[in-house]
Amino acid sequence: MTGRALDPAIFLAEMQALAQAALARWDLAATNLAPIKVRENAVFRIDLEGGGRAVLRVHRHGYHSDSALESEFAWLRALESAGIQVPRVIRSRQGRNFELVETGWAGSAGHLAGASGGPAESVRQIDVFEWIDGRQLGSVESGIAGDEAAVAAQYLKIGAIAARLHNQTAGWQPPPGFRRHAWDAAGLVGEAPLWGRFWELEALASAERNLLTRLRRALAVDLEAFGMTPDRYGLIHADLVPENLLIDGERICVIDFDDAGFGWHLFELATSLYFITGEGVYPAAREALIRGYRSERALSDAAIERLPLFLAVRGTTYLGWVHTRQGTDTARELTPFLVERACAVADEYLATG
């Protein structure tokens, strides 16, 4: 999304007001609405009469069509049927998985412009889920806690969950009309990548831009050579990072399927590892992730040798992400780190790939 930066306090107030208005579409006795995470989507905790809770999600504008969002719910139902713990939707009064709610923001001087750079959006998709007890394995803000052994134990769980997801999709026939975006070569390094033309990021120095241009050409060739056979490509979560796993005793629940789509299984694993590639715990986490994956699904040594390919391509997506959000506080804060990390991974890949 490109457009004018919106003050975070204004954005939160708008999201909270929209979420509050949307609650009338559900049969919920809400007593309070509190923000959990307000980033791409705005996620709120709903406190209910009697002490219960639920979760309300206001979707970002333009990321998913209505059919793509319905497809997310179809996959969630299939995963639950396969014994994988995932969020369970609470349908609205009209029996719908989500509602389209008028924002009233069109023409607002302060609101962020839409994805096309045109006027602010007038409708948002909003859904509600049952509350899930548990703690996050980690978060973007705080990282992953614990010593090497503790981190390895966490990545062992992530690897096993990733394999179980891939096993389910390998044997599942999506319903007619199923639509999700594709993390394929076109969606990653084509002319219009899903998250933006990373090589055009203004913050790049000349040497960095040249490096990423060379990387883009190499990735296009290598992704095509790797192939898209069902043993290595299919429906993936695409954001299987520690903060998207909730742990409650022995129970593990996978949350936040917003980025889910069709992609390489190794892209899934690269996403889980990317933000610790420069840390001392990385080798132990990588080994544990692979071991966890192999406890549930086959993964050859030859495939693992291509993991650097997917780490490199994952890094480019984050540069595209900040490129399409230039001017926002988040982009200003994250860009130097993301450029440094992506260029380091790119250098390593081009030197050894």
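The values are calculated or read from the model by the stated rules, or taken from the named source; none is laboratory data. If you're wondering where the values come from, they're calculated on a predicted model, not measured in any experiment. Please note: Cβ atoms are built from the backbone with ideal geometry, for glycine as well, and neighbour counts cover all protein chains shown.
Applying the set (1) surrounded by 15 or more Cβ atoms within 10 Å (Cβ to Cβ); (2) among the charged types (D, E, K, R); (3) under 27 Å from G320 (Cα atoms) to R164 leaves exactly one unmet item: (3). Can you confirm whether the range 149-159 contains a residue that is of a type in the set (V, I, T), at pLDDT below 95 and either over 20 Å from the mean Cα position of the chain (by Cα) or exposed (fewer than 13 other Cβ atoms within 10 Å of the Cβ) (or both)? Yes - at least one qualifying residue is present in the range 149-159. If you go through the range 245-261 and pick out every residue that is more than 15 Å from W195 (Cβ to Cβ) and in contact (Cβ under 8 Å) with a residue 60 or more places away in the chain, you end up with 10.
Taken over the range 237-253, the criterion of being crowded, with 20+ Cβ neighbours inside 10 Å and under 19 Å from Y63 (Cβ atoms) is satisfied by H237, A238, L240, V241, N244. Kindly indicate whether any position in the range 162-169 is free of Cβ contacts under 8 Å to residues at least 12 places away in the same chain and out of contact with any Cys (no Cβ under 9 Å at 6 or more places or on another chain). Looking for residues that are free of Cβ contacts under 8 Å to residues at least 12 places away in the same chain and out of contact with any Cys (no Cβ under 9 Å at 6 or more places or on another chain), one finds none in the range 162-169, hence no.
Looking across the range 29-63, the residues that are without any contact (Cβ under 8 Å) to a residue 24 or more places away in the chain, within 18 Å of E14 (Cβ to Cβ) and of a type outside the set (D, E, K, R) come down to L33, A34, P35, I36, V43. Which of the residues spanning the range 3-56 are in contact with a strand residue (DSSP E or B) (Cβ under 8 Å, 6 or more places away or on another chain) and in a loop (DSSP other than H, G, I, E, B)? Matches in the range 3-56: W26, L28, A29, N41, E49. The criterion of being modelled with pLDDT of 95 or more and among the hydrophobic types (A, V, I, L, M, F, W, C) holds for F262. Output the residues belonging to the range 267-317 that are without any contact (Cβ under 8 Å) to a residue 60 or more places away in the chain and of a type in the set (D, E, K, R). The answer is E279, D301, E305, R314.
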